[in-house]
Amino acid sequence: MTTEAMRGSVTIEEVAAAAGVSRSTVSRVVNGSSAVSPEALEAVTRVIAELNYVPNRAARSLASRQTHAVALIVPEDTTRFFGDPFFAAIVSGINARLSRSDYVLNLFIANDDPGDKTTSYVRSGAVDGAIIVSHHTSDTFIDRIASSVPVVYGGRPVRERERDYYVDVDNVRGAHDATTYLIERGRRRIATIAGPLDMPAGVDRLQGYHEALAAWELTPGAVEDGNFTADGGAAAMQRILDAGDAPDAVFIASDLMARGALAVIGSAGLRVPEDIAIMGFDDSPVATSVIPHLTTMRQPSFAQGERMATVLLDLLAGKHPRHVTILETELVVRDSV
């Protein structure tokens, strides 16, 4: 029997029988409910893949492409989403590309929902594909979404697989170049305020920082997590200063965290860059809204959004885009170094 024939003939009852569970359990798995044991989830997911089962509504949608809608799923809270210029640039890029197509964008900010409502909506056939941005190790619900519709990730997935499609910036190289610039400007006691280490961007930028210091045989300074927020950056900078032996430079893995750090440095009576040089990352509007203006690594967030949308549209059109697209960063020199 062909795959397409099996898609049309396999029933939910057959999936339940093959997995050794009830029909209602299969229904909960299909609709993205978390009220399923890990063992049952694994069994049902395996059988769905083996039998190529697709729920009827999703199958009709995927066959006809009649929804002409894609989902942008952001597993963050609303404060983070609306407060970080990175997301505005990403959404603008996605929307710019979709505006040249027949597709519309549905936005899901999924932090307060463990993924159940979002997953159920996506798997119901209401959208043809999804873009997932800013995901964390704990966001396991995205695997259920990726099993039902084509998905493109913004950034390297937390559990990268050969079949995944993603668009990222070269975070390791960008952080390496940023730290190297600080070293070349004569700084030797370089601390870092990192992003959360349950996110690939946080891990990769910290790796680049360590690689640059190792290349110059320098000892790493303090490493503090700033959670990619202004408040987190401020708290991390305060911890660095409270520990004593203040650094002469800090590589900060986002401009937003750098804004918080600058406020703390100023309150401590220290000068930037005379006492402490500050290097940011993003080149978001934040970089020129603070005093002094930030020297930072520019990441092409708008272009990343455009490219993610292009890859997804290509997948929906039956084309075969590259699985991995890596965009370059660029050093922007201003006044903080």
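The values are calculated or read from the model by the stated rules, or taken from the named source; none is laboratory data. Here the structure is a predicted model, which is why all the values come from computation and not from measurement. FYI the Cβ positions are ideal-geometry reconstructions off the backbone, even for glycines, and counts take in every protein chain you see.
Got a number for residues in segment 269-299 being of a type in the set (D, E, K, R) and touching a strand residue (DSSP E or B) at 6+ places or on another chain (Cβ under 8 Å)?
Counting residues in segment 269-299 that are of a type in the set (D, E, K, R) and touching a strand residue (DSSP E or B) at 6+ places or on another chain (Cβ under 8 Å) gives 3.
When you scan segment 173-182, do you find a residue that is of a type in the set (Ser, Thr, Tyr), farther than 21 Å from PRO285 by Cβ and out of contact with any His (no Cβ under 9 Å at 6 or more places or on another chain), even just one?
Yes.
Tally the residues that are in contact with a Lys or Arg (Cβ under 8 Å, 6 or more places away or on another chain), under 19 Å from LEU105 (Cβ atoms) and not small (Gly, Ala, Ser), restricting the search to segment 115-144.
Count: 3.
Yes or no: segment 194-202 includes at least one residue that is under 16 Å from the mean Cα position of the chain (by Cα), assigned by TED's automatic domain parsing to the domain that holds LEU313 and either of a type outside the set (Phe, Trp, Tyr) or at pLDDT below 85 (or both).
Here is the first cut: in segment 194-202, the residues under 16 Å from the mean Cα position of the chain (by Cα) are 194-202.
Remaining after also requiring assigned by TED's automatic domain parsing to the domain that holds LEU313: none.
Within segment 194-202, not a single residue is under 16 Å from the mean Cα position of the chain (by Cα), assigned by TED's automatic domain parsing to the domain that holds LEU313 and either of a type outside the set (Phe, Trp, Tyr) or at pLDDT below 85 (or both).
Among residues belonging to segment 67-96 that are touching a strand residue (DSSP E or B) at 6+ places or on another chain (Cβ under 7 Å) and among the polar types (S, T, N, Q), point out the one that is surrounded by the fewest Cβ atoms within 10 Å (Cβ to Cβ).
Once the filter is applied, the top-ranked residue is THR78.
Does ASP231 meet the test of being over 11 Å from ILE190 (Cβ atoms), crowded, with 21+ Cβ neighbours inside 10 Å and charged (D, E, K, R)? Working first, answer last.
Working: over 11 Å from ILE190 (Cβ atoms): yes; crowded, with 21+ Cβ neighbours inside 10 Å: no; charged (D, E, K, R): yes.
In short, no.
Which one of these is of a type in the set (Val, Ile, Thr) and closer than 23 Å to GLY208 by Cα: THR219, THR288?
Sole residue among the options that is of a type in the set (Val, Ile, Thr) and closer than 23 Å to GLY208 by Cα: THR219.
With (1) at pLDDT below 90; (2) outside any loop (DSSP other than H, G, I, E, B); (3) buried (at least 21 other Cβ atoms within 10 Å of the Cβ) as the list, and SER124 as the residue in question, which single condition is left unmet?
Going through (1) at pLDDT below 90; (2) outside any loop (DSSP other than H, G, I, E, B); (3) buried (at least 21 other Cβ atoms within 10 Å of the Cβ) one by one, SER124 breaks only (3).
Of all residues in segment 306-321, count the ones that are touching a residue at least 40 places away in the same chain (Cβ under 8 Å) and either farther than 17 Å from ASP102 by Cα or aromatic (Phe, Trp, Tyr) (or both).
Qualifying residue count, segment 306-321: 1.
Are any residues in segment 226-248 of a type in the set (D, E, K, R) and either over 17 Å from THR179 (Cβ atoms) or modelled with pLDDT under 95 (or both), and if so, which ones?
Listed by number, the residues that qualify are ASP231, ARG239, ASP242, ASP245.
From ARG144, ARG159, which residue is surrounded by fewer than 24 Cβ atoms within 10 Å (Cβ to Cβ), modelled with pLDDT under 85 and in a helix (DSSP H, G or I)?
ARG144
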